[in-house]
1. Mind ordering 107-117, 33-43 by average Cβ neighbours within 10 Å, highest first?
2. Which whole-number percent gives the relative contact order of the stretch 180-305, counting Cα pairs below 8 Å spaced six or more residues apart?
3. How fast does the stretch 24-160 diffuse by Stokes-Einstein, in µm²/s, taking the Kirkwood radius from C-alpha pairs at 4 °C and 1.567 mPa s?
4. Could you sort 118-124, 246-252 so that the peptide with the highest average Cβ count within 10 Å comes first and the rest follow in order?
5. Using a 10 Å cut-off on Cβ atoms, rank the peptides 200-209, 68-77 from the highest mean neighbour count down.
6. Compute the length gained on full extension between Thr123 and Val73: take 0.36 nm times their separation in residues and subtract their Cα-Cα distance, giving the result in nm to one decimal.
7. Please work out the C-alpha center-to-center distance from the stretch 283-298 to the stretch 52-101 and express it in whole Å.
8. Length gain on complete extension for the stretch His35 to Val262, per 0.36 nm per residue less the alpha carbon to alpha carbon distance?
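Each value in this text was obtained by applying a stated rule to the coordinates, not by laboratory testing. Everything quoted here is computed from the prediction, not taken from an experiment. All Cβ positions, glycine included, derive from the backbone under ideal geometry; neighbour counts span all protein chains shown.
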Amino acid sequence: MPGLAGQVVLPPPPTPPPPSLDVEEWTFIDAAGTHWPLTRRGVGYWVLHGTVTGLGVTPRVVTRDDRARGGTVTRHEWISGRLITFDMFVRGRTRAELLARWRPLGLALLGGGVLRIAQADGTVREIDVELEPGSYDNHPERIGRHEQPTVQLWCPRGYFRDVDPVVIERTQRPRRRFLAPFMSVSSSRIPGREVLRNDGDADAWPEVELRGPFAGFTAINHTLGETWTLDPGWDGGGPLAAGEVVRITSDPPTVTGPAGQVWWGALTGDPWPLVKGDNDIEIVLSGVGPGAGVTFTYQRLREIP
């Protein structure tokens with residue numbers, strides 16, 4: 001009896017089921033601002049949620065000392081970055097279609113960006129990411145029209161953050177209170193005190209925008225017992241004029257003058273954070289005129305997306 005000739009053709013592995021959008025939806029936003037959906041089957045690639053690691057509480061680095069009578073004592077703890085790892089399933093009707101889908105996404109991930117995760121309860125949180133060296137290892141059972149690359153994203157900040165920032169704005173307007181609902185004592189010196197609640201999971205670091213005209217600014221966090229001030233006339237230029245703006249960030253600390261110049265000399269003290277919970281805040285603008293104002297902007301930080 002003659003033998004059979006030819007090659008053995010094995011059936012392709014089954015296509016993994018797509019994730020349920022009732023659970024969560026992932027989007028990668030690259031450095032150019034392009035949105036790449038990562039959990040939609042229709043685009044030809046998606047995250048395999050059963051392979052995801054790194055979404056627990058923010059990692060910590062702990063320093064411990066041995067105790068003379070046994071055991072250890074924790075001396076210091078600080079926040080570390082986190083590594084998010086997951087497999088993606090990429091498919092195409094042809095090898096060319098698979099490559100046309102995977103190559104652009106792979107290059108976009110290479111440039112880093114933001115990973116955004118929307119949950120079924122309506123919360124949306126995001127985190128800055130960088131592609132970890134050694135990513136894009138492929139599954140050993142890859143075939144021509146299917147691939148399963150492993151992606152590793154390093155998150156240097158550790159915490160996730162809410163997408164929508166908290167914005168608190170107070171403005172001087174003619175014949176109206178300044179820093180409402182604060183009491184205004186005169187048109188030249190405006191004190192204001194209120195309790196700001198940070199209901200995130202960690203300290204938040206606000207950005208402050210100051211708008212002229214004013215001659216001086218003081219920010220006090222009575223909860224922390226910390227104060228910083230800004231003197232717009234530090235370089236001999238006099239008070240901040242109407243329409244001019246100074247911006248202060250607290251993490252990392254920067255001071256930017258009205259023309260975009262570095263204004264470190266105008267700042268005295270370190271910009272403070274808003275601790276988790278209630279913060280007793282007092283701000284004072286002196287030498288103000290109509291249009292003067294201050295805006296605090298911060299994002300709540302989250303342990304878990």
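1. Working: 107-117: 17.6, 33-43: 14.4.
Result, highest mean Cβ count within 10 Å first: 107-117, 33-43.
2. Values: 304 pairs, mean separation 54.0, N = 126.
Worked out over the stretch 180-305, it gives 43 percent.
3. Reported coefficient: 78 µm²/s.
4. In descending order of packing, they fall as 246-252, 118-124.
5. My ranking of the peptides, most packed first, is 200-209, 68-77.
6. Details: separation 50, 0.36 × 50 = 18.00 nm, distance 3.74 nm.
Gain in length upon complete extension: 14.3 nm.
7. Their Cα centres are 42 Å away from one another.
8. Going from the current span to full extension adds 78.4 nm.
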